[in-house]
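Take a look at the structure set out below.
The values are calculated or read from the model by the stated rules, or taken from the named source; none is laboratory data. Predicted model, so just to flag it, every value in this text is computed and none were measured. Here Cβ is always computed from backbone atoms with ideal geometry, including for glycine, and neighbour counts include all displayed protein chains.
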Amino acid sequence: MKNYLKYIISLLILSFLYMIYKLAKFWFKPTGGNEGWIAETGPSELWRLITVGFWKSFFTIYNRMEIINSDLIPTGKNQNFVSVANHESILDGFILACTVWRQQYIMVKKEAFDIPLKGYFLRKVFCFPVNRGKTDTAAIKTALKHLSDGDCLGLFPEGTRNRKGFVSEFKSGAIKLALKKRLPILPLYIGNSHNITPPDTIFPRPAKLTVKFLEIIDTDAELKAGKTEKEICDMLYKRITDAGKEIMGYDVRDPEYLKKNNV
């Protein structure tokens, strides 16, 4: 009887360990973070507040984060906008979320959601995926719905990180959403985040972080004045890179951009 009981207990332990293995394999490997019930996970204001509070404290204490011109963030209760920033680090989304204190949806590359656990968390904190390899109509529809609902949107128009501390050329359609809805664009420059997470870094480094907000771009007024999408995009790029030069002390325009535009 005792041996029989031992077999049962051993079988239960093995079954439990196998269940843990299967769960870990699902949650930590790219096995469907963009599919099924995880893809339908809704955002949570509580999750957002806890996450924003944590990262705001972390960056302030550990990276001595300095926020400049935060008074330029629109404060109207019914005034939604599109915030646009340069992109140097995997942490830029959290930097954007905790400095633009308004609740906003942030567009993040689809690959970041592949791992189920990570995909679940990102959706909880108001992020949604975009496929950068093609025109992602689903992501565009999601963004337009949020803007129509009166929500704010956060974008990184370079499309991917520039880990050398430069600002790559903005993709031509990056600000279409703001222009389509004729919403204000809030530009901001995130300075030195590439030194917080350099290649092969496991834990963020205590590099000084500076975030500077710039004058709102009134897209409705600019379009009425006859400005084209490209002209507004160029204006946005110039404002952000001018702020970058002021903060970093060097021309932050990407060398490829300078070469392409014969600057």
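Some observations on this one:
- Pair list, Cβ under 6 Å, 6 or more apart: the range 228-241 residue in contact (Cβ under 8 Å) with a residue 40 or more places away in the chain and over 18 Å from Asp254 (Cα atoms), other residue in a helix (DSSP H, G or I) and of a type outside the set (A, V, I, L, M, F, W, C): Ile232/Glu222
- Considering the range 1-44, and only residues there that are free of Cβ contacts under 8 Å to residues at least 12 places away in the same chain and small (Gly, Ala, Ser), the residue that is farthest from Gln103 (Cα to Cα) turns out to be Ser10.
- Candidates Gly36, Gly76 - the one that is at pLDDT below 90 and on the phi > 0 side of the Ramachandran plot: Gly36
- Comparison of Ser10, Ser44, Ser15 shows that the only residue that is among the hydroxyl-bearing types (Ser, Thr, Tyr), modelled with pLDDT of 90 or more and either loosely packed, with under 13 Cβ neighbours inside 10 Å or within 19 Å of the chain's Cα centre (by Cα) (or both) is Ser44.
- Some residue of the range 68-82 being in a helix (DSSP H, G or I), hydroxyl-bearing (Ser, Thr, Tyr) and touching a residue at least 12 places away in the same chain (Cβ under 8 Å): yes
- Meets criteria (hydrophobic (A, V, I, L, M, F, W, C), surrounded by 15 or more Cβ atoms within 10 Å (Cβ to Cβ) and on the phi < 0 side of the Ramachandran plot) for Ile68: yes
- Among residues of the range 151-171 that are more than 16 Å from Lys238 (Cα to Cα), those with a Cβ under 6 angstrom from a residue that is among the basic types (Lys, Arg) and surrounded by fewer than 20 Cβ atoms within 10 Å (Cβ to Cβ), sequence gap 6+ or separate chain, pair up as Cys152/Arg102; Gly159/Arg132; Gly159/Lys171.
- Scope the range 56-65; condition surrounded by 14 or more Cβ atoms within 10 Å (Cβ to Cβ), part of a loop (DSSP other than H, G, I, E, B) and over 18 Å from the mean Cα position of the chain (by Cα); matching residues: Asn63
- Residues (farther than 29 Å from Gln79 by Cβ, more than 14 Å from the chain's Cα centre (by Cα) and surrounded by fewer than 16 Cβ atoms within 10 Å (Cβ to Cβ)) located in the range 136-165: Lys164
- Subset tally (residues that are closer than 30 Å to Val130 by Cα and either of a type in the set (Gly, Ala, Ser) or assigned to a helix (DSSP H, G or I) (or both)) for the range 1-55: 26
- All positions within the range 81-140 that are among the charged types (D, E, K, R) and modelled with pLDDT under 95: Arg102, Lys109, Lys110, Glu111, Asp114, Lys118, Arg132, Lys134, Asp136
- Any hit, the range 47-68, residues being touching a strand residue (DSSP E or B) at 6+ places or on another chain (Cβ under 6 Å) and over 15 Å from Lys212 (Cβ atoms): no
- Residue tally, condition under 22 Å from Ser148 (Cβ atoms) and touching a residue at least 24 places away in the same chain (Cβ under 8 Å), over the range 90-123: 10
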